[in-house]
Amino acid sequence: MRFKHLQRGIRCGLTWFLASVVPSLLMAADPPQGLLQFKLTKGHGIGVCEAYLKRLQSTHFDRPPYCGRPENDSVPGFSFLHRVPLAPEEVATLVNRVSSFAHTGDQFKADRAEAARHRLGMKPEDRDRLIAIMKSDLPNLMNVWRYDPPVSIENNGIPENLVIWLGGSAIGSCGSIPSNLPEPFREDQWALVLTKDSAAIDVEKTLSLFGHPYPYSVVRPGVPDRRPRLVGPNVGIFEYEGVDYFDTFFDFFGDFDNRRAHDDQLLKTLGVFMRKDHVTKQMCEYTVSGMDLGF
């Protein structure tokens, strides 16, 4: 584990998925409950920041907020974004590529490994079985969705082929308390821009929109982490007064300015960002506390 129990990245391989993820569903505990308290710490007097604080405070969370922020248009100015789940076949096409991208930055690494297996006459991974499992129980395995109508994170009127990807861990579902962890499990939720045919990740576009301005985290002095680094590991999307924003909790390696590394408070710090004219700007920041949420 890289720090405490925070896990980064989607676990890889269809074989791993079939052997590990499905059995773990039987062990996952119910998500923790608690009274959440949000505090605005950056962005006082900014309309979207004050309004989003009201939205957070009025939202019912059935899981810790680092597992995602539900849609809520009860506060004036917010639009309800319609989440459309990807079909099982679409998820099966992407799962290895998302995993490879999250772990190495090379989304086609697993494809090349599978091609090598085929050349050696080895049995290919069982995609048909994976699709069958997803058709029967995809919502309990992972949550992967796009928006309809699609959003324009660049705020230039041109929508992105964007998906949000949450799930695929053998540890358990986000917010559950598996038997081997003392606290609720945290799981990454990534925003990914896909190619036009939705068969692969548009890596350049994804990193331009959601990548951290300091691309690599440092695992230990002198040793960079070569995996792609997003602004944060729990990305969500919302629209306020016709402008699209994204939010995320930070991870242990630093905030948007690459400060506060290894500060435990970062794990309960939520930032809001706006993308305009090819520049990402942090607008707001909140801290959250609550009962039984691992904070």
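The values are calculated or read from the model by the stated rules, or taken from the named source; none is laboratory data. Since the structure is predicted, the reported quantities are computational estimates derived from the model, not experimental observations. Cβ placement follows ideal geometry from the backbone for every residue including glycine, while neighbour counts extend to all protein chains displayed.
The condition of being at pLDDT below 90, assigned to a loop (DSSP other than H, G, I, E, B), over 15 Å from the mean Cα position of the chain (by Cα) and not small (Gly, Ala, Ser) holds for only one of Pro182, Pro139, Pro159, that being Pro182. Among the residues of segment 44-63, those that are modelled with pLDDT under 95 and hydroxyl-bearing (Ser, Thr, Tyr) comprise Ser58, Thr59. May I ask you to list the residues in segment 162-179 that are modelled with pLDDT of 75 or more and part of a loop (DSSP other than H, G, I, E, B)? Of everything in segment 162-179, just one residue is modelled with pLDDT of 75 or more and part of a loop (DSSP other than H, G, I, E, B), namely Cys174. Counting only residues that are of a type in the set (Ser, Thr, Tyr) and assigned to a loop (DSSP other than H, G, I, E, B), segment 62-88 holds 1 of them. Here is the figure for segment 229-256: residues that are modelled with pLDDT under 95 and surrounded by fewer than 19 Cβ atoms within 10 Å (Cβ to Cβ) total 1.
Taking the residues in segment 58-85 that are β-branched (Val, Ile, Thr) and surrounded by 15 or more Cβ atoms within 10 Å (Cβ to Cβ) as candidates, determine which candidate is farthest from the chain's Cα centre (by Cα). Checking each candidate, the answer is Val75.
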